[in-house]
Amino acid sequence: MDSTIVTDIIRRSNRNQLILWGIGLVLVLIAIAFSANHFYNLLAGPFEVTPEYITGIKNVLKLDKFYVTITGELTVDTTYSETRTTNGIETGKSYYKALYLDDKILLVKTGELANNTTFIGALQMIPPDERREVLDEILQEVPDLKDNFLLFML
């Protein structure tokens, strides 16, 4: 009689574990499905794109190919930079460049000081603090460029 009670407990435990592992697997598959575009860009990118592709983007958040290589006509140093520190020690520096693409300008954040015309990176919306500290400052100095800057950055 005791063996049936023990057997029932083991069966219930196995069933519960199977259900929980199944739910976990479904959740992992859902997470992968939502991140499929990121994995695609990670594995297949960077994609070489033209300036026309970049200037034709309406919504950077809905791009299939956001990890790109872009070559512009001219790169201008904006004189703005960002220094990262850890415990008071400088760990990195980023420079903001203006990449001219036909009649539009793409803001590029790069770790290189040189003014290259080819950049590789992910297209993203300009974060509010960078918009305020970099782009708004540039537009105060040169207000004529207001309509030329794209709403996103590399």
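The values are calculated or read from the model by the stated rules, or taken from the named source; none is laboratory data. Keep in mind it's a predicted model, so treat the numbers as computed, not measured. A quick note on method: Cβ atoms are made from the backbone with ideal geometry, for glycine too, and the neighbour counts reach across all protein chains shown. What goes into the accessible areas is simple: the full protein's heavy atoms, side chains included, and nothing from ligands, DNA or RNA. Shrake-Rupley method; radii C 1.70, N 1.55, O 1.52, S 1.80 Å.
Some notes on this structure:
- Residue within region 98-112 that is assigned to a strand (DSSP E or B), among the aliphatic types (A, V, I, L, M), at pLDDT 85 or above and touching a Pro at 6+ places or on another chain (Cβ under 7 Å) present: yes
- Consider region 128-154 and keep the residues that are over 11 Å from T78 (Cβ atoms) and either in contact (Cβ under 8 Å) with a residue 60 or more places away in the chain or of a type in the set (S, T, Y) (or both). The one that is most open to solvent (accessible area, probe 1.4 Å) is L151.
Residue-wise test of (1) surrounded by 12 or more Cβ atoms within 10 Å (Cβ to Cβ); (2) out of contact with any helix residue (DSSP H, G or I) (no Cβ under 8 Å at 6 or more places or on another chain).
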position	(1), (2)
L61	no, yes
D64	no, no
Y67	yes, no
T78	yes, no
S81	yes, yes
I89	no, yes
Y96	yes, no
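- Residues located in region 98-127, provided they are surrounded by 11 or more Cβ atoms within 10 Å (Cβ to Cβ) and among the small types (G, A, S): A98, G121, A122
- When residues of region 45-59 are limited to those that are touching a strand residue (DSSP E or B) at 6+ places or on another chain (Cβ under 6 Å) and in a loop (DSSP other than H, G, I, E, B), the one most open to solvent (accessible area, probe 1.4 Å): P46
- Boolean, F66 is aromatic (F, W, Y) and modelled with pLDDT of 90 or more: no
- Top-ranked residue of region 85-103 - restricted to ones that are within 20 Å of P46 (Cβ to Cβ) and not hydroxyl-bearing (S, T, Y), ranked as farthest from the chain's Cα centre (by Cα): L101
- Criterion (without any contact (Cβ under 8 Å) to a residue 40 or more places away in the chain, in a helix (DSSP H, G or I) and open to solvent by less than 70 Å² (accessible area, probe 1.4 Å)) met by exactly one of N41, N14, N37: N37
- Condition check for F152 on (1) in a strand (DSSP E or B); (2) more than 19 Å from the chain's Cα centre (by Cα); (3) of a type outside the set (A, V, I, L, M): one failure, at (2).
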